[in-house]
Amino acid sequence: DEGKITSLGSLVVALGIDLTFGAFVGLGIQFGVAAEAIQLAAILSFPKTPWAMSSPLYHDTDTFNEIVSTTFVSRCKSDAGLFSEPMSMSNLLYDYSKSKDRSQFCWKHRVAASRMRHLSGTVDSLKRRVAGCLNVHVDVLEVEQPPRTMPHAKINILRILQVWLFYDTMIMQNPYSTIDTSGTISVELEGPPITRDHLEQILDPKRHPFRITNRGNLVQRGHFDPAKDKDCFFHSFETRFTSYMLEKKISLAFYYVGQDVKILMPTDVWKRAESANLRENIIGILSPNIKEVYYLQNNGSGNQRGVKGRDCGAWQPSSKESVCVDDGLLPMTCVSVFASQLSRHEAKEFEQLLDLEMVSNDDCIKSIISCRFSIIKKKHRFVMTMAGECNEVTNTDLRDLFAASDVTSSITQSTMQQCVNFPVVSDVCGNGLSNACPMLVDAPEGARLMSVLASERRRDNFIRFSDGYEENNDEEMTLDVNLPKSFSISNRRWKRKGGGGMVFVPENCVPSAVIPTNNDLELFCCCANTLDLRGGAIKVDGITMLPPGRLFVGLALLCFGVNPRSSIPIDLQDDMQDSSGEEKKEAAEFSILPPILPSSSSATTFENAVQDALGWIHEKDKMPFEQQEHTRVAEALNFHTECMDLGEALKCQPDKIKSLCAIFDEVDGHAMYCWDGHDISLNEATSSTRPKSNNITNNRHTKNSTERSSESASIKMKARGIKEHPRPSQLTTSKSKNISRKHATKKNPTVALLAPSNEDGGTTKNPSQCEEVNIPPLWMCPTCEEMFVEKKHCAQHIERCSFGLVKQTRPKMVDVPKK
């Protein structure tokens, strides 16, 4: 209670934010990232995400899938490969501030306009409060670049600062395998078969290229009573069966009537170069009669109710190659028809050939449908088999296909297994990564989006697709497809570092939904907002991922004086002899080395700390460490020792910035160079933007310290090519420059005796000449320190002063001492 509050403590109290976020701002000032730290602190203190929120309990299927899909794509664009929630929102905020039509921007990026305005106001408010506390201009706290284009060193220092502040709530993910040998991410589906149209409800084919792979067959049995005689029925059945094949884009269809078989195949598929092997086998086994039939698509005119408006009546055979109508040429396609007779053994051999062809040549033959007829006790029975990207035939299509009003069918056997394959292609849509320094190779966006959609269903890891509406009522029909547990975000994928407790992460979040393709290294994340739950679990938010592996996080913790194994502060002093037996036993539990003996020297204690840290870093790989890593760990501990002498002075530390860049250089595979302007303090940056004031001094041979610092900062900024804010004095005329001088000479000639040399070459009067003169007080602008004789002129200047702070200031009276 008797201690004095420090400068950092005073800043945090004045800002009125959480203590940790206030410390983030203070450390950002010391390590040259003040503007960025202020913005991230304001973002992390914001209570809600700006993106649209969804709930499966409130939204219907289509709306829920649309919100989750569009918001996750927007998050990925804003994240730009940084894998950080606050940096992603910083990128979004930068684009929002630069947009001309903000309403259109919010609609395009699927964010709430009210929350974006609130977030922007929160950031601006915190900047103004920091500027007021530090007595600097608010413009020097403006973020000049979004995180996606910031220097790599700045990004890593922001990550390091978050490790220092949130090291006790870090989470981790163990590596697991998701990529197969073919270079694709495969998502296996469990449940009813779906088509490409279902997946396009949630995936954009251009942005998320995918392919459905089907293995196994779907068998559908039933019976019907045809309204026509046998010959007429099978003649019309071929037309309806071909129309169904063309409308559903099925690669091959065939049907049996006794030993007679007819094979239907689009001619463009039959004549492809990839079908050469299939052509040889069909001709060799069947020796069929081949003919080509042209089918013309329905033009949509006339009565489209009934079968003409559905799949089995959409195409009709035509003897002409094209039909000209008023609107142009109607769609037409050619179908190759093969007729032959097969014994039961030959039919079985033929079907095995098609199954093998589909597996080996799935780019050409993607789907197959077959139908076998039999007549038992005057009932026409059928067995339909679907393979590949071909689903169950609906009851409506069955009635149209068999031209019967009463058709009974059921699925008797299903060995269909579906899998969605996503090719691992980096930057498919050319979004670009942060400064071309990718932290890791993540799974395709489409695979992660499916994982997010399934995880949003909470405990039930499934995706619900809309499957149209029932004919008799307006009830929506849906299909629920389950995903493997390995793709569930909330299924213990993340755990607490050190403790191993369960972690509840936000599902629709880029860092938590990460699926790394290089699965050799562990992943660590910092969490700014946490909530402890019963049983050691924790709920987190504000996640920032660190470069993969233990080296980066280990060095960051050591630079802050924290043991990476136990997350407790490191004491490098040789005070183990004063420790009790329980403390020695506790220290030995967290060390892989023998406990330090009481007679150990400081050098031995330091070396043991280095070896302990290296043992934790290489605990998983069981490989000997390199000498370079030993040097890095030693430098990190030395950095912590040197920083203990800095105190809490809110000043930029260029030497410490250079030391951090040297320690973490190439740790994540990328060079870490100090950026231009890293050694310019906030006061120097403010001085370079402040106009020169009419200084009242009696020394014409010396300059004011503010002017010297202004010139020094200007030289530094010009040497580095940094844009300097124009001074108001440079934008005004010579008449306006000397406005205060003219006020002084007109109203009180005495002040002119003390004025400095003017631009015309006038000299300053000898102070001894005005020793007995009664000098009235002057009025000064508190922000730019310009002097005025009369108070009203100073008040008028304050109203238009461009260097004014947020709060309204008043003229300040300054007494001029007698000489």
Could you list, in sequence order, all residues of region 513-532 that are surrounded by fewer than 17 Cβ atoms within 10 Å (Cβ to Cβ) and closer than 20 Å to E456 by Cβ?
L531
Scanning region 333-364 residue by residue, the ones that are farther than 26 Å from H223 by Cα, part of a loop (DSSP other than H, G, I, E, B) and either modelled with pLDDT of 85 or more or open to solvent by 20 Å² or more (accessible area, probe 1.4 Å) (or both) total 3
Number of the exception - T267 against (1) touching a Ser or Thr at 6+ places or on another chain (Cβ under 7 Å); (2) under 21 Å from S410 (Cα atoms); (3) among the polar types (S, T, N, Q):
(2)
When the residues of region 462-476 are filtered to those that are at pLDDT 85 or above and not small (G, A, S), which remaining residue is surrounded by the most Cβ atoms within 10 Å (Cβ to Cβ)?
I463
Residue check: is A14 among the small types (G, A, S), in a helix (DSSP H, G or I) and more than 26 Å from the chain's Cα centre (by Cα)?
yes
Look through R117, R75 and report the one residue that is under 30 Å from A685 (Cβ atoms) and of a type in the set (D, E, K, R).
R117
Listed residues D95, D101; which is under 25 Å from P438 (Cβ atoms) and surrounded by fewer than 17 Cβ atoms within 10 Å (Cβ to Cβ)?
D95
Using the structure shown, decide if Q577 is of a type outside the set (S, T, Y), over 22 Å from A23 (Cα atoms), modelled with pLDDT of 50 or more and open to solvent by 40 Å² or more (accessible area, probe 1.4 Å).
no
Hey, among S451, S490, which residue is modelled with pLDDT of 80 or more and within 15 Å of I515 (Cα to Cα)?
S451
Inspect region 67-85 for any residue being under 30 Å from Q653 (Cα atoms), part of a loop (DSSP other than H, G, I, E, B) and open to solvent by 30 Å² or more (accessible area, probe 1.4 Å) and give the result as yes or no.
no
Are any of the residues in region 3-14 buried (at least 21 other Cβ atoms within 10 Å of the Cβ) and touching a Lys or Arg at 6+ places or on another chain (Cβ under 9 Å)?
no
Pairs under 9 Å by beta carbon, first residue within 17 Å of P317 (Cα to Cα) and of a type in the set (V, I, T) in region 251-268, partner open to solvent by less than 10 Å² (accessible area, probe 1.4 Å) and part of a strand (DSSP E or B), six or more apart or different chains?
I263/L252; I263/A253; I263/F254; I263/S336; I263/V337; I263/F338; T267/V335; T267/S336
The helices (runs of 4 or more DSSP H) lying entirely within region 112-223 that contain at least 2 residues which are over 21 Å from the mean Cα position of the chain (by Cα), free of Cβ contacts under 8 Å to residues at least 60 places away in the same chain and surrounded by fewer than 18 Cβ atoms within 10 Å (Cβ to Cβ) are 113-134
Checking I543, I568, I515 in turn, the sole residue that is touching a Pro at 6+ places or on another chain (Cβ under 6 Å) and among the β-branched types (V, I, T) turns out to be I543
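A quick yes/no check of all residues on (1) closer than 30 Å to M439 by Cα; (2) modelled with pLDDT under 80; (3) among the hydroxyl-bearing types (S, T, Y):
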position	(1), (2), (3)
F606	no, no, no
E635	yes, no, no
E648	no, yes, no
D655	yes, no, no
K658	yes, no, no
D665	yes, no, no
Y673	yes, no, yes
D676	yes, no, no
D679	yes, yes, no
Restricting attention to region 365-374, does a residue exist that is in a loop (DSSP other than H, G, I, E, B), within 23 Å of F233 (Cα to Cα), in contact (Cβ under 8 Å) with a residue 40 or more places away in the chain and of a type in the set (A, V, I, L, M, F, W, C)?
no
Can you work out which of the residues in region 299-317 that are touching a strand residue (DSSP E or B) at 6+ places or on another chain (Cβ under 9 Å) and modelled with pLDDT of 85 or more is most open to solvent (accessible area, probe 1.4 Å)?
Q316
When residues of region 184-210 are filtered for being modelled with pLDDT under 85 and out of contact with any strand residue (DSSP E or B) (no Cβ under 7 Å at 6 or more places or on another chain), how many remain?
1
Can you confirm whether region 43-56 contains a residue that is open to solvent by 20 Å² or more (accessible area, probe 1.4 Å), in contact with an Asp or Glu (Cβ under 8 Å, 6 or more places away or on another chain), charged (D, E, K, R) and touching a residue at least 60 places away in the same chain (Cβ under 8 Å)?
no
Flagged in region 441-461 as among the hydrophobic types (A, V, I, L, M, F, W, C) and surrounded by fewer than 17 Cβ atoms within 10 Å (Cβ to Cβ), in numbering order, are V441
Selection over region 533-574 where residues are assigned to a helix (DSSP H, G or I) and open to solvent by 10 Å² or more (accessible area, probe 1.4 Å) yields a count of 5
Are any of the residues in region 162-175 out of contact with any Ser or Thr (no Cβ under 8 Å at 6 or more places or on another chain) and more than 30 Å from F487 (Cβ to Cβ)?
yes
Just checking, which of L296, L246 is closer than 15 Å to V335 by Cα, modelled with pLDDT of 90 or more and in contact with a Ser or Thr (Cβ under 7 Å, 6 or more places away or on another chain)?
L246
Selection count, region 231-243, where residues are modelled with pLDDT of 85 or more, open to solvent by 10 Å² or more (accessible area, probe 1.4 Å) and not polar (S, T, N, Q)
2
Any chance K320 is loosely packed, with under 14 Cβ neighbours inside 10 Å and at pLDDT below 90
yes
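The values are calculated or read from the model by the stated rules, or taken from the named source; none is laboratory data. Fair warning: this is a prediction, and the values are worked out from it, not measured in the lab. Cβ atoms come from the backbone with ideal geometry, glycine included; neighbour counts cover every protein chain shown. The protein model used for the area step is the full one, side chains on, heavy atoms only, and it has no ligands, DNA or RNA in it. Shrake-Rupley method; radii C 1.70, N 1.55, O 1.52, S 1.80 Å.
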